[in-house]
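Take a look at the structure set out below.
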Amino acid sequence: MSATTDYIGRFAPSPTGPLHMGSLVAAMASYLDAKAHQGTWLLRIEDLDFDRNVAGADQQILQSLQRCGMQWDGEVVWQSQRQHLYEAALGQLADYVYPCACSRKEIADSRLRLGDPASQIYPGTCRHSIPAGKSARAWRLRVPEPEQGVVCFEDRLCGSQSQNLATEVGDFVLKRADGFWAYQLAVVVDDAAQGINHIVRGADLIDSTARQIYLQGLLGLPTPSYLHVPVVTNANGEKLSKQTGALAFDRGDNDLLHEALLPAARFLGLKLSPAVSELHEFWQLATTLWAKKLRIGLQINLVSTLI
């Protein structure tokens, strides 16, 4: 792959608290990939889950990225300001969407009756009509039958991927019972609106990719290139997250280069010397190592293009 200024990537954190090391790894991978391609790196705040948003967390995220020496291109975008785009997309999908009246308990009960309580697939209770006396709680997207439901894609790091939407996912929600827009729809609409053509993110989201590719096809949108990096886990083997007690990597006055950036780079398989002492030097060396790791042809002067 040769360097190209047509590359547009992004980092899209949720403002549910400060960034932790898992967030930093994802941010670093997307940033390095954009820099190695001499491309554009955008920042989007995914703040649609209003119940979980933490006041001021978005500004704290911006400050932490800047303290790390990571500067985004253009204006920051907040999803909460783009809900009209999701409404328009839902209307465009009218032939594939249906109202669902089921509560979580009712779905669990249906799975139990079907003898498959461990399944995560929606049992299709409202697929043809809402039961009498019920009203819509959410809107679901009808996936193809099993013989047409396979979605395949090539991940730049993880290789060939395949998922049958019918047998592995089922009809999924686009608008939730609480009125909030589902991640799957919002991310597809926003990536297309921003011209994102390269997505670099954590491997915990690789399972969502087939759904997003299917939505892109229905909406007539291009499919970006995907790259999923390993997720950081805690001592119990759980994904590092705010729910599992992950701490902020930026305490405001700590040495981010040696306490956060170098460990994150090593987690990504980049062997940088601990003797690195300047942010500029770190990003120059890390970008070169990332390009070699991903076999990206650098036709650029790294010193002049990095921050």
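General observations
- Residues that are closer than 24 Å to Trp41 by Cα and more than 25 Å from the chain's Cα centre (by Cα) within region 260-275 comprise Lys271, Leu272, listed in sequence order.
- Residue check for Arg176: touching a strand residue (DSSP E or B) at 6+ places or on another chain (Cβ under 6 Å), closer than 15 Å to Ala101 by Cβ, crowded, with 17+ Cβ neighbours inside 10 Å and of a type in the set (Lys, Arg): no
- Out of Asp191, Asp204, Asp178, sole residue that is outside the structural domain of Leu24 (by TED's automatic domain parsing) and more than 22 Å from Leu294 (Cβ to Cβ): Asp178
- Single unsatisfied condition, Asp155 versus (1) more than 20 Å from Arg82 (Cα to Cα); (2) of a type outside the set (Phe, Trp, Tyr); (3) modelled with pLDDT of 95 or more; (4) crowded, with 18+ Cβ neighbours inside 10 Å: (4)
- Scan region 96-123 for residues that are surrounded by fewer than 15 Cβ atoms within 10 Å (Cβ to Cβ) and at pLDDT 80 or above and the total you get is 3.
- Region 50-67 residues that are more than 18 Å from Met21 (Cβ to Cβ), paired with ones that are acidic (Asp, Glu) and at pLDDT 95 or above (beta carbon under 8 Å, 6 or more apart): Asn53/Asp47; Asp58/Asp47
- Scanning region 214-226 for residues that are surrounded by fewer than 20 Cβ atoms within 10 Å (Cβ to Cβ) and of a type outside the set (Ser, Thr, Tyr) yields Gln216, Gly217, Leu218, Leu219, Gly220, Leu221, Pro222.
- Residue match in region 243-264 (condition: in contact with a His (Cβ under 9 Å, 6 or more places away or on another chain), in a helix (DSSP H, G or I) and closer than 21 Å to Val54 by Cβ): no
The values are calculated or read from the model by the stated rules, or taken from the named source; none is laboratory data. Keep in mind the model is a prediction, meaning the values are calculated, not measured. Positions of Cβ are generated from backbone atoms using ideal geometry, with glycine treated the same way; all protein chains shown enter the neighbour counts.
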